[in-house]
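Here the structure comes first, spelled out in structure tokens, and everything after it is commentary.
The values are calculated or read from the model by the stated rules, or taken from the named source; none is laboratory data. Computed from a predicted model, the values in this text were never measured in an experiment. Note that each Cβ is placed from the backbone with ideal geometry, even for glycine, and that neighbours are counted across all protein chains shown.
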Amino acid sequence: MKTLIEQLKGIVGPGAWKTDPAELQPDLVDWRGLAFGETPIRVAPKSTEEVSQVVRACAAAGVAIVPQGGNTGLCAGAIPDATGEQILLSLERMNRIRGVDAFNFSMEVEAGCVLATIQEAARGVDRHFPLSLGAEGSCQIGGNLSTNAGGVNVIRYGTARALVLGLEVVLADGTVLNSLRSLRKDTAGYDLKQLFIGSEGTLGIITAATLRLFPDPGNTSTALVAVRESGDAVRLLASLRAALADRIEAFELVSEPVFGLVEKHIPDAKLPFDESYPWYVLIEAATGGNPGVLENALMDTADESLILDAVIAKNATESDKLWRLRHSIAEAERQDGKGLKHDISVPISHMQEFLARGDALLARLAPDANLLAFGHVGDGNLHYNVTLPRNLTHEEWDAAGAGITAAIYDLVGEMGGSFSAEHGVGRVKKAYLEQYRDGTELNLMRRLKDTLDPQCTLNPGKVI
């Protein structure tokens, strides 16, 4: 190992590696502070060639590599194990925007680019990169693609998978796969980039991507709407889609306890209503220069008795305040303490049924638990999070949590859903993948892993 470490230092050069335990500590714990690891060295290559050299050296030495982006994941997919024998490879220095082709509506970026930087670069040429999530100020595009990130705009633009035209990937033997094409149509053989999107660095290390850009949506309107139950939100979405077609950029469902947590922990965060309601929907719609479009569409639903109250942002400042409420949820949950996170998806038409059955499930299994539910109604993704009483011992908490999670995932599976909608599998959910995926699917995943990474060099112990 000592020889390898010296070799890696030479590859990335001075200032691009860490071995001091104190300096390494922030990189060895996940964002939630629940998963920990060890590593003898963290290296930060500045180019694809350096990534390739690092991988070749580790493969030759039989030492595993864990790729890491912004380390904002929730499933510990970018954290080494506790053996102290895995190399941590950071993509943070590979943060260049290599080029923007406004007329082709495309952009080539390196994996370490922060998502917000990419969004800003697109706006600079009157274009739009729609991937948007709470961690966009620190998460990196390589990690977004490796987990097939979703976020708030999936309803109109799809997940990260739909936003990629081409990839550059370093394979497990150090070979560089360069498929950074910027074509919309290309049926010449297999679409290899799709193997690596969502594979969490287990099949190859994404070093660059060609991304799809879109026309600037122009003026948008933001509304926060109060509804009685989640089923009303689903019906409201159907009505607005009939009125607005594809103008709906985002449609976010949040329960009252969740926003209560935000108001408790986030300074200056406050709902714009005089009273509280069971559920809220945050809506963003492209209005084409006519700010009354969304308001008129909402008023047209009045006869359906779906809306209890509503506030429409009058300007960008008010819109930002409403979105701050939504984007602060994860931080508010983290400050509130340990909880069970369930990133699930069900068919949109079954969301109300799932919530009703889930309530009954929790009432039976853990009547003292608190439910924190929110999510992306437009794509059926719900964050069904549960907090347990604080007076439980560690052992009691683990036992109760395991039972609740298993029951929730069983219900999700029964309703044709998924236990992992947008956060990935990582090491936290690996056992659930083996439980809830068909044997044929699992066998094919294992065959792909064995073929592309026969020595298990890349991110072992994650996903499959």
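Please verify whether D309 is surrounded by fewer than 16 Cβ atoms within 10 Å (Cβ to Cβ), free of Cβ contacts under 8 Å to residues at least 40 places away in the same chain and touching a strand residue (DSSP E or B) at 6+ places or on another chain (Cβ under 8 Å), treating the condition exactly as stated.
Criteria not met by D309.
Here are V109, V176, V169: which of them is closer than 23 Å to R446 by Cα and surrounded by 24 or more Cβ atoms within 10 Å (Cβ to Cβ)?
V169
What pairs can you find where one residue is in the range 8-37 and of a type in the set (A, V, I, L, M, F, W, C), the other is at pLDDT below 95 and part of a helix (DSSP H, G or I), and their Cβ atoms are less than 8 Å apart, with a gap of 6+ or different chains?
Close Cβ pairs (under 8 Å, with a partner that is at pLDDT below 95 and part of a helix (DSSP H, G or I)) amount to W31/R334.
Only one of (1) touching a residue at least 12 places away in the same chain (Cβ under 8 Å); (2) in a helix (DSSP H, G or I); (3) under 27 Å from H350 (Cα atoms) fails for E422. Which number is that?
Result: E422 fails condition (2) only.
Pick out the one residue from N178, N95 that is part of a loop (DSSP other than H, G, I, E, B), closer than 19 Å to E50 by Cβ and over 15 Å from the mean Cα position of the chain (by Cα).
N95
Has the range 425-433 got at least one residue that is basic (K, R), in a helix (DSSP H, G or I), under 21 Å from the mean Cα position of the chain (by Cα) and surrounded by 12 or more Cβ atoms within 10 Å (Cβ to Cβ)?
Within the range 425-433, one or more residues are basic (K, R), in a helix (DSSP H, G or I), under 21 Å from the mean Cα position of the chain (by Cα) and surrounded by 12 or more Cβ atoms within 10 Å (Cβ to Cβ).
Please state which one of A59, A76 is in a helix (DSSP H, G or I), among the small types (G, A, S), out of contact with any Leu (no Cβ under 7 Å at 6 or more places or on another chain) and touching a residue at least 24 places away in the same chain (Cβ under 8 Å).
Exactly one of A59, A76 is in a helix (DSSP H, G or I), among the small types (G, A, S), out of contact with any Leu (no Cβ under 7 Å at 6 or more places or on another chain) and touching a residue at least 24 places away in the same chain (Cβ under 8 Å), namely A59.
From the list G70, G15, exactly one residue is more than 25 Å from the chain's Cα centre (by Cα), within 20 Å of C113 (Cα to Cα) and assigned to a loop (DSSP other than H, G, I, E, B). Which is it?
Answer to the selection: G15.
State all residues of the range 25-55 that are crowded, with 18+ Cβ neighbours inside 10 Å and not in a loop (DSSP other than H, G, I, E, B); if no residue qualifies, say none.
Result: D27, L28, R42, V43, T48, E50, V51, S52, Q53, V54, V55.
Counting just the residues of the range 18-50 that are among the β-branched types (V, I, T) and over 19 Å from V63 (Cα atoms), which one comes out farthest from the chain's Cα centre (by Cα)?
Selected residue: T48.
Filter the range 182-203 for residues that are in a loop (DSSP other than H, G, I, E, B), modelled with pLDDT of 95 or more and of a type in the set (S, T, N, Q); which is farthest from V54 (Cα to Cα)?
For the range 182-203, the residue satisfying everything is S182.
L371: under 21 Å from K338 (Cβ atoms), in contact (Cβ under 8 Å) with a residue 24 or more places away in the chain and out of contact with any Ser or Thr (no Cβ under 6 Å at 6 or more places or on another chain), yes or no?
Judged against the criteria, L371 is a match.
Which residues, taken from the range 319-366, are of a type in the set (D, E, K, R) and not in a helix (DSSP H, G or I)?
K338, K341, D343
Would you be able to tell me the number of residues in the range 384-404 that are outside any helix (DSSP H, G or I), out of contact with any helix residue (DSSP H, G or I) (no Cβ under 8 Å at 6 or more places or on another chain) and not β-branched (V, I, T)?
Qualifying residue count for the region: 3.
Of the residues that sit in the range 87-101 and are farther than 22 Å from D27 by Cα and either free of Cβ contacts under 8 Å to residues at least 60 places away in the same chain or in contact with a strand residue (DSSP E or B) (Cβ under 6 Å, 6 or more places away or on another chain) (or both), which one is surrounded by the fewest Cβ atoms within 10 Å (Cβ to Cβ)?
G99
Identify all residues within the range 204-247 that are in contact (Cβ under 8 Å) with a residue 24 or more places away in the chain, loosely packed, with under 15 Cβ neighbours inside 10 Å and outside any strand (DSSP E or B); write none if there are none.
Of everything in the range 204-247, those that are in contact (Cβ under 8 Å) with a residue 24 or more places away in the chain, loosely packed, with under 15 Cβ neighbours inside 10 Å and outside any strand (DSSP E or B) turn out to be D216, G218, N219, R228, E229, D246.
Considering the range 437-464 alone, what residues qualify as being in contact with a helix residue (DSSP H, G or I) (Cβ under 6 Å, 6 or more places away or on another chain) and modelled with pLDDT under 95?
I464
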